[in-house]
Structures are given as C-alpha cells and as structure tokens.
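Peer 1: Structure incoming, see below.
The values are calculated or read from the model by the stated rules, or taken from the named source; none is laboratory data. Predicted, not measured: the structure shown is a model, and the values here were computed from it. Glycine also receives a Cβ, built like all others from the backbone with ideal geometry; neighbour counts cover every protein chain displayed. These area figures cover heavy atoms from the full protein model, side chains too; ligands, DNA and RNA do not enter into them. Shrake-Rupley method; radii C 1.70, N 1.55, O 1.52, S 1.80 Å.
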Amino acid sequence: MNLLERGEQVRTVVDRFGRLGGDGHLVLVSGEAGSGKSALVAELVERHLGGAEVLIGRCDDLFAPRPLGPLADIARGRAGPLAAALAAGDQSSVFDAFLAEIASPPHPTVVVLEDLQWADEATLDLLRFVTRRLDSLPCLVLATHRDDLAHDHPLRRAIGSLVGPHVTRLRLAPLSVDAVRLLVGDRLIDPVSLHVTTGGNPFFLVETLDAAPGTLPASVRDVVLTRAAPLSGAARDALDAAAVLGRQVGADLIQVVGDCDSAAVDECIRAGLLVDDGGHQAFRHELSRQAVEDSMTPLRRRQLHARALAALGADGDVVERAHHAIGAGDEEAIVALAWQAADQCVALGAWRQAAILYGEALEHTGEMAAEDRRRLLEARATTCLRVEMLAEAVAAGEELHAMLLELGDEAAIGEWETWLSIAFRGVGRSRDAAAFTERAVARMEPLGDSPELAAALSAMTGHLLVSGKYEQCISTAQRALAMAEHFGLEQAAIYTLNSWGAALGCLPDGDGEAGVAALEESLDRAKRSGLAPEATRAAANLGATLIGACHPALSIPVYDDGIRVAEAHELRYQLNCLRPGRAEANMLLGNWDAAAADLMTVLHDPAAAPINRAIVLGYLGRMRGRRGDPGAVEALDEASALAEPFQEAQLSVPIHIALSETTWLAGDRDRAAAEVEVCLPFVELLDGTALRDLTRAARRAEVDWAASESPEAATRLLVAGDHRALARFWEERGYVYDAADALADSDDVDDVRRAFEQLSALGARPRAQMAARRLRELGAREVPRGPRASTRANAAGLTARELEVAALLAEGLTNAGIAERLVLSPKTVDHHVSAVLAKFSVSSRREVGRAADAVGIDLDPVRPAPLGSG
C-alpha cells in the first residue's frame, strides 16, 4: 500500500520510533474525517515499525462511550494484570497495569489509540497519565483524532495539556491536485474539477472514483447526513439554505433564505458541517453540499431557490439569479435571466458556462417569438462548438436549420449550412459536412456574388483540404479569397488563405515556400484582427506544413504560440488539435517524453473530439511500437476505429501505415503487408509525407507497389536504396529515429553499428534488436547485446536517475516532493516523470509500482534516503 502525499508524516513517525531508548514519544495525528488517519497508521504498522509490539485500541462513536474502550481492545485475548485490573474496574490499578505493560517489554512498544474525538474522560486521563511519563517509557504512542472539534469538546482541552519535547503533532492536509491527478490515472475525469468537488479529501476521492460517473457515492452521502442528523430544526434549515446558495455566503443571507437565526448557523459550524472563512460560510467539500441538497425534497429545494432569488433582488449577480430561477422552476425568470447571464458569460470569456445557460433558456422558452428562438439557438450552437460540446452544437444547429428552411431565406439557409458543415465534421459526419457546403454554394450561386457565398466557398476549401482534393482546394480558394477581399470579409479571407497555404504544402509537387508564406500571412492577419479561432487553425496548419517540409524544429514555436492563444481563449477543440501536432514534431526529433506528455493530456480530456482522439492514439501507438512497449497495436486499432466514420484518407492512412510499421517491428509480416494493402486505393489523395511513409512500409512488408516518381528528396533516396545519404538527410533535419532507421538497412557494418548505438540510446528496442541481427548477418565480430550498462539492469530500460524517480513515484511523492528529495529542478523532474511513464507504458503515476512489479523491478533498494538522513 502506498499513501499519497503522506511521506513526510511517515518519515517523522519512523524518526521518532528510531529514537526510542530510555524515553518515548507521543505523536498526535489529526485531520478531517476521511483524511486518511487510519490508513497512515496501517501503513506505518505494516511497513515501517518492524520488530515492535503493536497494541491497538479504538474509540467508538456510541451514545455512551465505553469506559477505557481502547484498553479493553488491547487487553482482549491477553491474560495478565491489565485484563484483571479492567475486570476489577479500578481505574488506578488499570493505569498502573498498563504502565507496567509498556515500561519494560522485550521489544519496542507502539501503542495506537484511534479516534480520540469519541474517547471517554477516563481514556483522555490515561493519555495525559502516559504522556507525563514518556521521559522514562520506551514506547511510541500514536493517537489519531479529527481536527473539526467544537470549541468546548473535551478532547480540545486534553490536547492543550499535551506539550513538551516528547510530543509531536502531525496534521494530514487535503491532497493536492497533483495527487488527485495520480489517483484519476487514465479515467476520463478532470482532476482539477474532482479536487474542487472533494476538497482533496482522500475518502471522498476514492469513493467518488469508485462510484458511477456523475453520481454521489452513497457512502459519502451517509457520512454527511449522519453528521447532520443531530442538528436542531433551525440549524438544519440553515444547512439546507447554505446548500442551495451553493457558495461562500454571509450568515445574513443564510438566515434570510433559511428563515433562521445566527445561532442556527453557529450550530452548523460547531458540528463541522460549515466553516467560517472571514465572515463567509461554506461547506468543507462540494460533495457535502451535494449530499445535503440531494437529501431535500424537490418541493423544499424549489422553495429555497425561490427565497434565494427574491433575497438577491434585481441588483444581485445575474448568473446567480439565473441559477436560482432555474432551481425554482420560474419559467419567466429563467428565460430572461439565463439568456442575459449567458451573454454576460460570453463577454467574460466563460464559454462553457454560457453554453449551459443558453441551453437552460432554450428548455423554457415556451411561446417565445420565432426570431428570438433563432438567435438563442444560434448562440447555443456556436458556444457549444467552441467548447467541444459537439453533439449539443449539432442538435441546436439542426433545429435552427429546420426553422430557416421553413422561412425559405436562401441566403440565411446557405450561411447556416456553411456553419453546420464545420460542426458535422467534428462529430465524424464528414460526408454530411461536405454535402452542406456544396448545398450552401449551390443555393447562393444563382443569387450572384455575396458575402454569404464568399463564406460558403471559404468553408468549402476546408473540406476539400481534408479530403485530399488539393488542386480543387487551391482553385476554389483563389475564387473565395478574391470575393472575401472584395466584400471586406477578413475572417473568410484568413480562413481561405489558411486552406490555400496548407493545400500548396500537401501537393507532392506543390510550392512549399508559397504555402508557408500564405499560412504565415493567415496567422499574422488573424492575430492582428483578434480572431483567435483562425489564429489557432493557422498555427496548426503552418506547423503541419513545416513538418511536411521536414522542418519539425521550426514547427514547435509555432505550435507553442498557437497553444498559448487557445488556452487564453478557452478554445478546447483547437487546443486538442495543436497538442498532437507538437507531439508529432517532438516525436520526430526524438523528444519522446515531451511528445507523450502532450498526447496523454489530450487523451485524458473526456471532451476530446473523436477526430483528435484518433490522431493522438495514432501517434501514441506508433511511439509505443518503436519503443517495443505494450499496447501499441491496441492503441492503433482504436485510432483506426475512431477514424473510420470520417472517411478521410489523410486521417486514416497514416494510422494504417503506423500499424504496418508496428507489426513489422513485432515480426508480423503478414499483417504489415495487409495494412499497406488497405492504403493503396487512396494514394491519389495522399500528401507527400504519407506517400513517403507508405513507400517505406510497402518495401519492408514486401508489397509489390511503389509510388510514381516523387519530387520529394527523402522518397527518392529511399527508392534508390542510398541508406547513408538518406540517414544524412534525416540527421541534418533532426530526425533522430529516421536517421538511425535508415542506417540500420545499410550493408556497411560501421553504419549498422552506429544505427544500433543511436537506436539503443533512443530506447527504440525492436529496431535496435533488428540492427544487432543485421550485424551478425554482415559477419561483425563484436555484436552488441543490448542497451548500455546503466539501463540494462532493469527490464523497462530506465536510467539510474529514472529508477530513483520511479521509486519515489511509487512512494506517492508529487513532482515537487521528488525535486526536493533529489535536489533537482522541477522542470528536470517533469522530464524524468514523463520518461518513467513512457518506459513503463502507463498513463498514470499510480500505476508505476504495479508496472515495476510486473517486469520484476524491485524499487525499494533504489529509493533515495531523505535529505539529511544518515
């Protein structure tokens, strides 16, 4: 068992235990309910206090606590003076007998007293009695208690008297976001949101992760409601009001909404259900608030929401008023306030909240005028698309489309069909998307040149681009750009320039420099116009074009800039397009750990669109295959399944090429050939990069196909079989794996030996093994056997430093904790952690220990000692 973020507490207790001699020590461990006090004690007893006699006693939450209940637990099944004294019922004799039992044992003694908040007075007296004598008792007393004690709780007074050099106090703080991220692992859950919801409480976290998504765990509800049960009626009214208000609020507002007095609010605070934070009251955890709110009847909730709406008044925050209008079921207020609140959220850049509020307004429109509903549907659709709520965007968009068809406004219909084409492609309905743009153009062409026709032609260039129809994309872009410039449509002009430049870069014999220039102009104009969506699209296509021109190093700052823009403007879809692009560049440059970090970020986003997940899994599977890590084919198969509905060769063919390469590396030549055959019908739609990679895959799988004469330099060298020149070509551009891969096919022993060394250093085990076999075939006298000594000692190929990092990850340390322990910079630790995860082929930190066990690596011997230890 490994505890998260409890290493410091473990080390402190172990230190106190190690000092036991003629004297002893009391360690008081405090924390809120569910903070892991019992888990910490269990970890200490099971793994760190070896050789000690452990005596465990617990206090229970009873109406009348057991007198000296913990001692009764300790004496149970142990004949002797303590059991006899307890049976006799003489407190003085009991204390003396217990003192004798722990004073001179053959082994060090550890006394565990759990849940002292429920202790009777006699047990608290015993604790004081023992603590005063620790200077002559060779024992360690571990006592746990909750820290949310009322000001007049007996334990609070007892703790106040426990002071001195033999007493240490440890508080278990809530877990950090990093720890929550580790617990979440590869689940499709946002760790930041989960941390906010649970307050970092370990019990709430574990229970929530084990529960069905979106449900309140019954165990959490029961814990909260049990604590609320003893409240007076007025205090429960205050608690209900606080739950409905749902944020930090002043006591005055709670009293108005709950129809109670300040004493009722104070009672909730004393019970530990609310906390006072500088005059504002709030629940300790969002889950606690949910539990209280869910326990109310629907009528009670509506009543309290209505009171809150009235109490806030016309001058209250419009978003809060909208929330309470929805909760109260006030139809008229919902329509007015939700729409107004959504518009305010848009102005503030809170797009997701806006999308939700527009949806609420739509559900309660009733007899709203058709024009108002049209505007509301458009707002809902566009905001949903922006935050990657794609299904919701399409639903609103289709309803609006139906309304426009009834009205018969051809220009408006065509304009909206242009928008729908973008949304439909996002959900994998590429054919429908293309049909919408064609229909939009067909509707508006008879009406003559117009801004709407320019926008439709501009959108069409995007579909022609992703369909691999590059020459048609370029000719359509020429017409669209001229029309957009004529009507002063800067956004359409920027979009068109973007498609035009990307198409030029994709043509095997296209003008790459002109393509880059068009993309750079598109990016510059988008930035100057403040059009963040267009700027991120331009960055994505410019980065991809630079990679296609074999300049991945130049693409990385472009992707970095695009990611900054997407993050600043909450453009989630674009963000999930840019990160895989940067990952591809880093993968080509041999920065596999950095690539994995970007890929896993997108993969962990539950809202990531299918197209972005397909791209990510394609790169991840290829990288795993090159490293010889498990899960490579599975990732690529999933990518292929996600790509299939799009029916786009530029998306699906690279995945099949990666499958061919991965299965070839694994020795499955039949499947490698089959994957090449899948790609051949689409060769006319492929860009130069895909044609080059397909040529290499076909040659290795021994498929009788070759691309027509290519102007692309690497493809010509590949077809010519000039391995040394091809390797030099890749080296000059920073392609680490491709350069070594080319040399590995050479007939020269020195070339192949150099390839082996480069592949081994990169961690590309399958190809390195092939190079070793090739050396034997060439008659080399000294054939390397594997990676260098520093990484050969473990099956995962970790360096000595990575082994230390893996051990500390298994111990539960955060990156900051590892940096402190190893005296490294946080950035260096980030790189090491990414490397460990990639080499173990795991997606979360919590899986490192199991992965190490699976390949026979014992991390305990390599775990570095704390700073300052002997």
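Peer 1: Rounded to the nearest 5, what % of the DSSP beta bridges within the chain are antiparallel ones?
Peer 2: For the chain, the DSSP antiparallel bridge percentage is about 20.
Peer 1: Further question: For the stretch 240-361, what is the accessible area per residue in Å² when the probe is 1.4 Å?
Peer 2: 43 Å²
Peer 1: Can you give the angle from 0 to 90° between the axis of helix 218-228 and the longest principal axis of the chain, with both taken from C-alpha atoms, to the nearest 10?
Peer 2: 40 degrees
Peer 1: For helix 410-426, what angle does its Cα long axis make with the longest principal axis of the chain, in degrees from 0 to 90 and rounded to 10?
Peer 2: Once rounded, one gets 60 degrees.
Peer 1: Counting heavy atoms of the protein chains only and a 1.4 Å probe, report the per residue accessible area for the stretch 366-482 as a whole number of Å².
Peer 2: 42 Å²
Peer 1: Could you work out [θ]222 nm for the chain from helices alone, using -39500 (n - 2.57) per DSSP H run of at least four and dividing by all its residues? Round to the nearest 500 deg cm²/dmol.
Peer 2: The helix-only estimate for the chain comes to -20500 deg cm²/dmol at 222 nm.
Peer 1: A further question on this structure: Name the residues whose placed amide hydrogens come within less than 5 Å of the amide hydrogen of Val110, ignoring near sequence neighbours (fewer than 5 apart) on the same chain.
Peer 2: Those qualifying (amide H under 5 Å, at least 5 residues apart or on another chain) are Glu53, Val54, Leu55, Leu140.
Peer 1: Another question, if that's okay. Once you have the alpha carbon radius of gyration of the stretch 504-588, what is it after dividing by 2.2 N^0.38 Å, with N set to its residue count?
Peer 2: In units of the globular-protein estimate, the stretch 504-588 measures up at 1.02.
Peer 1: What percent does the relative contact order of the chain come to when contacts are Cα pairs within less than 8 Å and at least six residues apart?
Peer 2: For the chain, the relative contact order is 8 percent.
Peer 1: Next question, about the same structure. Please compute the modelled spin-label separation between Arg227 and Asp252, points set 7 Å along Cα→Cβ, answer in nm with one decimal.
Peer 2: Output for this residue pair reads 2.8 nm.
Peer 1: Let me ask something additional. Enumerate the whole-percent occupancy of each 5 Å bin, from 0 to the last occupied one, for all C-alpha pair distances of the stretch 559-706.
Peer 2: 2, 11, 19, 22, 20, 14, 7, 3, 1, 0
Peer 1: Measure off, as a whole percent, the carbon and sulfur share of the 1.4 Å-probe accessible area of the chain, all protein chains present.
Peer 2: C and S fraction of accessible area: 52 percent.
Peer 1: List the pair-distance distribution P(r) of the chain, using every Cα-Cα distance, as the percent of pairs falling in each 10 Å bin from 0 up to the bin containing the longest distance, rounded to whole percents.
Peer 2: Histogram of Cα-Cα distances, whole percents per bin: 2, 10, 17, 18, 17, 15, 11, 7, 3, 1, 0.
Peer 1: Can you tell me the FRET efficiency between Ser529 and Ala435 if r is taken as the Cβ-Cβ distance and R0 is 45 Å, rounded to the nearest 0.05?
Peer 2: 0.90
Peer 1: Once the Cβ-Cβ distance between His280 and Arg132 is put in as r, and R0 is 45 Å, what FRET efficiency do you end up with, to the nearest 0.05?
Peer 2: Using R0 = 45 Å, I get an efficiency of 0.60.
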